[in-house]
Ligand code: BGP
């Protein structure tokens with residue numbers, strides 16, 4: 001085939017505990033912020049199906065893993081639910097959760113699917129949010145203890161660990177833009193949250209080493225490229241600041257072990273520096289990642305600040321730039337995000353050129369679609385050709401990056417099956433496999449699922 005990938009390329013998909021497991025009140029699970037928020041404000045969410053049920057992976061995992069196998073997966077990323085394993089965030093380990101995750105890992109191995117395990121996917125245990133979540137330094141230690149427990153319990157079965165998924169998202173969504181609980185809008189507190197969460201990541205890596213684990217550990221970042229409107233210096237500066245705040249804040253410290261100097265200066269200039277301890281510097285520099293997961297959906301486009309903020313408006317990252325809607329940009333007509341395939345290549349080349357060509361893989365890439373049932377054919381199969389095109393067009397750029405020497409090891413789509421999402425419940429469907437919420441969460445393979453199987457099995461496409 002024209003686009004051939006290496007024999008050992010990782011083909012698979014990603015998912016997260018809160019979005020798939022359900023069984024929120026079953027098996028001894030404690031509450032996380034999503035369980036709590038959904039109970040408090042169900043009307044915030046589009047449909048009356050929340051994390052309590054989700055896609056019912058907790059009960060259907062065997063069937064799902066068999067489907068993964070059928071769809072050519074040689075790897076799959078899941079997350080462990082912190083509040084399932086340690087219901088109060090600290091303290092006792094829930095043995096039912098230990099048994100559940102062992103069963104899932106065993107089933108994956110039985111099917112020849114390598115588990116990639118992530119420790120944190122937006123799901124702060126409620127008890128820890130009540131003491132301030134990532135704002136409170138105690139939560140950093142709690143995370144390290146939780147990570148250590150995971151390595152001790154599951155280490156022999158897992159050779160690829162990830163500390164966190166998109167740690168910038170809880171910062172943006174929870175502390176800047178009023179989208180995730182606890183809905184705070186405060187730039188300075190947001191910076192503290194980001195700092196503690198990336199410190200917790202480094203401390204988890206430290207625990208990994210102390211536990212003398214044999215595999216690799218990394219982090220998953222949405223390294224959204226920040227494209228400036230033009231080459232005009234004011235636009236370029238705007239792009240650079242967006243990149244510092246939203247990408248390099250996590251990327252540099254994870255890969256290189258220190259924060260970019262320009263970022264520190266910028267934060268200092270605006271009195272936004274977080275509180276730190278002297279020993280943190282060594283924690284960061286000694287505990288960099290082995291492996292980077294890259295999530296990519298859409299680029300960020302910015303221009304020099306033109307609008308004048310209201311004098312009473314809170315000080316926000318948008319102080320430094322305005323969003324830019326590039327004329328003629330291609331949009332996903334079924335969800336409203338821009339599609340810019342080359343972005344995935346730009347990210348990978350940046351990793352090669354500026355981050356020591358770190359070992360990486362695409363850990364999420366996907367296309368959300370509303371009302372996907374309208375694309376069913378007579379036999380009931382969703383004909384999601386738009387998604388096949390989306391994957392192909394991105395994979396072509398991954399292939400080019402590979403040919404140019406980028407150390408990219410795999411491609412995971414978001415996601416295996418339709419799942420519950422943070423802001424949108426089941427509105428946007430992403431799966432290779434459809435989930436029928438009106439019929440016992442019945443699974444059925446979409447056209448893209450079969451396509452994915454062919455690509456994974458043939459190690460490429462033409
Ligand atoms: C990523 C998250 C996923 C997933 C995806 C799609 O940022 O890691 O958890 O939800 O985005 O986004 P959405 O579900 O909001 O369409």
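Bear in mind that the values in this text are calculations on the coordinates, not laboratory data. Computed from a predicted model, the values in this text were never measured in an experiment. Please note: Cβ atoms are built from the backbone with ideal geometry, for glycine as well, and neighbour counts cover all protein chains shown.
For residues in region 414-458 being part of a strand (DSSP E or B) and in contact with a helix residue (DSSP H, G or I) (Cβ under 8 Å, 6 or more places away or on another chain), which is nearest to the ligand (Cβ to nearest atom)? The qualifying residue nearest to the ligand (Cβ to nearest atom) is 421. State whether the residues of region 351-367 include one that is under 19 Å from residue 333 (Cα atoms), away from the ligand (no atom under 16 Å from the Cβ) and without any contact (Cβ under 8 Å) to a residue 60 or more places away in the chain. So far as region 351-367 goes, no, none of its residues is under 19 Å from residue 333 (Cα atoms), away from the ligand (no atom under 16 Å from the Cβ) and without any contact (Cβ under 8 Å) to a residue 60 or more places away in the chain. Taking the stated definitions as given, is residue 234 touching a residue at least 60 places away in the same chain (Cβ under 8 Å), surrounded by fewer than 17 Cβ atoms within 10 Å (Cβ to Cβ) and outside any loop (DSSP other than H, G, I, E, B)? Taking the combined requirement at face value, the residue satisfies it.
Quick grid of which residues meet (1) surrounded by 14 or more Cβ atoms within 10 Å (Cβ to Cβ); (2) away from the ligand (no atom under 16 Å from the Cβ); (3) not in a helix (DSSP H, G or I):
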| position | (1), (2), (3) |
| --- | --- |
| 379 | no, yes, yes |
| 386 | yes, no, no |
| 390 | yes, no, no |
| 395 | yes, yes, no |
| 406 | yes, yes, yes |
| 409 | yes, yes, yes |
| 412 | yes, no, yes |
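The residues in region 330-350 that are within 16 Å of the ligand (Cβ to nearest atom), touching a residue at least 60 places away in the same chain (Cβ under 8 Å) and out of contact with any strand residue (DSSP E or B) (no Cβ under 7 Å at 6 or more places or on another chain) can be counted, and the count is 1. Put simply, of 53, 29, 69 the only residue that is farther than 21 Å from residue 163 by Cα and in a loop (DSSP other than H, G, I, E, B) is 53. Away from the ligand (no atom under 16 Å from the Cβ), part of a helix (DSSP H, G or I) and either under 26 Å from residue 295 (Cβ atoms) or out of contact with any helix residue (DSSP H, G or I) (no Cβ under 7 Å at 6 or more places or on another chain) (or both) - does that describe any residue in region 76-84? Checked region 76-84: at least one residue is away from the ligand (no atom under 16 Å from the Cβ), part of a helix (DSSP H, G or I) and either under 26 Å from residue 295 (Cβ atoms) or out of contact with any helix residue (DSSP H, G or I) (no Cβ under 7 Å at 6 or more places or on another chain) (or both). Kindly indicate the residue of region 247-274 that is within 26 Å of the chain's Cα centre (by Cα) and not in a helix (DSSP H, G or I) and also surrounded by the most Cβ atoms within 10 Å (Cβ to Cβ) among those meeting that condition. Across region 247-274, the extreme among qualifying residues is 259. Of all residues in region 419-437, those being under 14 Å from residue 15 (Cα atoms) and within 16 Å of the chain's Cα centre (by Cα) number 6. When region 73-95 is filtered for residues that are crowded, with 19+ Cβ neighbours inside 10 Å and over 17 Å from residue 125 (Cα atoms), the ones remaining, listed by number, are 73, 75, 76, 77, 78. Here residue 282 meets each of (1) more than 25 Å from residue 350 (Cα to Cα); (2) part of a loop (DSSP other than H, G, I, E, B); (3) out of contact with any helix residue (DSSP H, G or I) (no Cβ under 8 Å at 6 or more places or on another chain) with one exception, condition (2).
Only residues that are over 13 Å from residue 33 (Cα atoms), away from the ligand (no atom under 13 Å from the Cβ) and in contact (Cβ under 8 Å) with a residue 24 or more places away in the chain: list them for region 162-187, please. 163, 176, 185, 186, 187, listed by residue number.
Scanning region 173-186 for residues that are part of a helix (DSSP H, G or I) and buried (at least 21 other Cβ atoms within 10 Å of the Cβ), we see that the one that is farthest from the chain's Cα centre (by Cα) is 175.
Quickly run through region 121-132 and pick out the residues that are outside any loop (DSSP other than H, G, I, E, B) and under 19 Å from the mean Cα position of the chain (by Cα). Hit for region 121-132 is 125, nothing else.
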